[in-house]
Structure formats: C-alpha cells, structure tokens
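Peer 1: Here it is, the structure in full.
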Amino acid sequence: MNNPEETILLVDDEQEIADLLEVYLKNENYTVCKFYNPLQALAYIKTQPVSLAILDVMMPELDGFSLCQKIRQKHLFPIIMLTAKTQDIDKIQGLSLGADDYIVKPFNPLEVVARVKTQLRRYKRYNTNLTEESIEQEVYDDKGLYICSTNHKCTLNGEPVSLTPFEFNILWYLCKNHGRVISAEELFETVWGEAFFENNNNTVMAHIARIREKMNEPARKPKYIKTVWGVGYTIE
C-alpha cells in the first residue's frame, strides 16, 4: 500500500480532468493537493512538502512549462507533465526544463497512477540516505568537477551544481565510466531502469542538455560531457 504521507500536487485548469485524477490517486492512498490555478499551486509549495507534481501544460496566467521551471529552482521532487500536444519538440521542452515524465491527453487515469508510482519509486531509490558505513564512498574529482555518489553532492570549480536525481545519476554514470563512450541506450536503461526505445533518445538528449546548461557548458565545445556523434556521450 502506498504511503498516505506521500503528497501529490495536481495542477490542471480543466476541472473534470483534475477531479478524475484526484479520485484515482486517492484510491491509491495518496494525499492529493489539487489546484485549478497554477499561481495558487506555486504559493502552496513554498510552505508545504510535496512528493510529486502533475502539471498540465496549457493553463492561463502561468503555463505548465513555466511552472515546472519555477519549481525546479528550489525543488527536486518528480514532475509529470500533462498535455494535448503530441509533437516531440514539446516533450523535449518539458524534459529540458526539468520534467521527469510526459503524458499526452487523452489518457487512461490508470496509466497516470502507474507513472506516479514509478517516479516515486525511482526518486526514493536515488535519494536513500546512505552513510559511509553502509556503502563505500565513491568520488570523481577532475578538472574542477567534483561528484560524490554517497551524498549526491556535485560541485564545479567549488560552486554547487543543483541536479535533479536523474541528472545526477546520468552525470555520475558518465564520470564513473570516464574515458568510455556511453550510448543513449545504455544511459537510459541504467538510469531509468527501463527498456530503451527510439523515442527515449530525446529524453536522454534533453537531460544531457539540461546538465550542460547547469554546468555552463558551451553547446558547441563542451569541456566535460562530449558528444560522439552516432555513438553516445563521454567524459574524457
């Protein structure tokens, strides 16, 4: 049974959809905080803990992409985007702003619940508080980049780099395998723990782009994460 202390933030100006998802999520024992107005939702998370957010893309006053971006400035919990848009560029935009998953309307509410469970399970696994006594500390420290798998700390030239769990695990896996070219398929199956399909390449690309942005990496000549065209990514 799911933990009733897990709070799902649900933001959708389409009341019927929000109400329907609320029923399905509450049936799974989640606490649901529902908002039809994105600005009210933004005010809520400033004072209240949230385990996961489900955000509609097309909303008045503040669209879901902008709301996602504002959330990511301070919070790492998983974010699932809901949208009627089906083009890959829209999905890539959401992922590049820090979303973890993307569901196209119309959808089966049971699919949304399944995606919520998956994201929370991954988030818990990646954020388990481990001590140095329970696991050997692993560190990569080279060219100003420091990353520690034990405490999920990452700094660049002494300055902290704020990474989501997926971003951290992508960067850590590349650092751990520095000198080896890692394919998008290997990255996805290792970090997401799912079978790789062709459209998952966009997911990996969006997360790599987001990591580079946070590291202030130039797009054409990155110092750290190098793209080997047609093969994958590497940290030399």
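The values are calculated or read from the model by the stated rules, or taken from the named source; none is laboratory data. Given the structure is predicted, the values throughout are model-derived calculations rather than measurements. Neighbour counts run over all protein chains shown; Cβ positions are idealised from the backbone, glycine included. Please note that ligands, DNA and RNA were not included when accessible areas were found on the heavy atoms of the full protein model with its side chains. Shrake-Rupley method; radii C 1.70, N 1.55, O 1.52, S 1.80 Å.
Peer 1: List, please: which pairs have Cβ atoms under 8 Å, are six or more places apart or on different chains, and start with a residue in segment 19-48 that is over 18 Å from residue 74 (Cβ atoms) and end with one that is open to solvent by 60 Å² or more (accessible area, probe 1.4 Å) and hydrophobic (A, V, I, L, M, F, W, C)?
Peer 2: 24/110; 29/1
Peer 1: Can you give me the number of residues within segment 85-114 that are surrounded by fewer than 19 Cβ atoms within 10 Å (Cβ to Cβ) and modelled with pLDDT of 80 or more?
Peer 2: 11
Peer 1: Taking only pairs six or more apart or across chains, which ones have beta-carbon atoms under 7 Å, a first residue in segment 161-177 that is assigned to a loop (DSSP other than H, G, I, E, B), and a second residue that is of a type outside the set (A, V, I, L, M, F, W, C)?
Peer 2: Short answer, once both residue conditions are applied: 161/155; 161/214; 162/214; 163/214; 164/98.
Peer 1: Would you mention how many residues in segment 10-52 are in a helix (DSSP H, G or I) and within 18 Å of residue 120 (Cα to Cα)? Spell out the reasoning first.
Peer 2: First pass over segment 10-52, keeping only residues in a helix (DSSP H, G or I): 15-27, 38-45.
When the remaining residues are screened for being within 18 Å of residue 120 (Cα to Cα), the result is 21-22, 24-27, 45.
Counting residues in segment 10-52 that are in a helix (DSSP H, G or I) and within 18 Å of residue 120 (Cα to Cα) gives 7.
Peer 1: In segment 179-217, which residues are modelled with pLDDT of 85 or more, in a loop (DSSP other than H, G, I, E, B) and surrounded by fewer than 14 Cβ atoms within 10 Å (Cβ to Cβ)?
Peer 2: Of everything in segment 179-217, those that are modelled with pLDDT of 85 or more, in a loop (DSSP other than H, G, I, E, B) and surrounded by fewer than 14 Cβ atoms within 10 Å (Cβ to Cβ) turn out to be 179, 180, 216.
Peer 1: Answer yes or no as to whether residue 67 is among the hydrophobic types (A, V, I, L, M, F, W, C), open to solvent by 40 Å² or more (accessible area, probe 1.4 Å), in a helix (DSSP H, G or I) and modelled with pLDDT of 85 or more.
Peer 2: When the stated conditions are applied, residue 67 does not pass them.
Peer 1: Where residues in segment 136-160 are among the β-branched types (Val, Ile, Thr) and in contact (Cβ under 8 Å) with a residue 12 or more places away in the chain, which of them is farthest from residue 235 (Cα to Cα)?
Peer 2: We begin by selecting, within segment 136-160, every residue among the β-branched types (Val, Ile, Thr); these are 139, 147, 150, 155.
This time we only want the ones that are in contact (Cβ under 8 Å) with a residue 12 or more places away in the chain, so: 147, 150.
Values: 147: 13, 150: 20 Å.
Looking at the filtered set, the residue picked out is 150.
Peer 1: Can I ask one more? If a residue has to be closer than 28 Å to residue 73 by Cβ and open to solvent by 90 Å² or more (accessible area, probe 1.4 Å) to count, how many in segment 220-236 make the cut?
Peer 2: Going through segment 220-236 one residue at a time, the tally reaches 3.
Peer 1: Could you please let me know if residue 23 is of a type in the set (A, V, I, L, M, F, W, C) and more than 30 Å from residue 198 (Cβ to Cβ)?
Peer 2: Working: of a type in the set (A, V, I, L, M, F, W, C): yes; more than 30 Å from residue 198 (Cβ to Cβ): yes.
Considered against the rule, which asks whether it is of a type in the set (A, V, I, L, M, F, W, C) and more than 30 Å from residue 198 (Cβ to Cβ), residue 23 comes out as yes.
Peer 1: So if I check each of 56, 19, 12, which one is within 18 Å of residue 111 (Cα to Cα) and surrounded by fewer than 16 Cβ atoms within 10 Å (Cβ to Cβ)? Break it down stepwise before answering.
Peer 2: Numbers: 56 fails: surrounded by fewer than 16 Cβ atoms within 10 Å (Cβ to Cβ); 12 fails: surrounded by fewer than 16 Cβ atoms within 10 Å (Cβ to Cβ).
Exactly one of 56, 19, 12 is within 18 Å of residue 111 (Cα to Cα) and surrounded by fewer than 16 Cβ atoms within 10 Å (Cβ to Cβ), namely 19.
Peer 1: Taking interchain pairs and intrachain pairs at least six residues apart, which have beta carbon atoms under 7 angstrom, with the first residue in segment 189-213 and touching a residue at least 60 places away in the same chain (Cβ under 8 Å) and the second surrounded by fewer than 16 Cβ atoms within 10 Å (Cβ to Cβ) and part of a helix (DSSP H, G or I)?
Peer 2: Here the result reads 202/88, each pair linking segment 189-213 to a residue that is surrounded by fewer than 16 Cβ atoms within 10 Å (Cβ to Cβ) and part of a helix (DSSP H, G or I).
Peer 1: Return the residues of segment 140-165 that are hydrophobic (A, V, I, L, M, F, W, C) and either open to solvent by 70 Å² or more (accessible area, probe 1.4 Å) or touching a helix residue (DSSP H, G or I) at 6+ places or on another chain (Cβ under 6 Å) (or both); say none if nothing qualifies. Lay out the reasoning, then the answer.
Peer 2: Within segment 140-165, the subset hydrophobic (A, V, I, L, M, F, W, C) is 145, 147-148, 154, 156, 161, 163.
Correct list: 147, 161.
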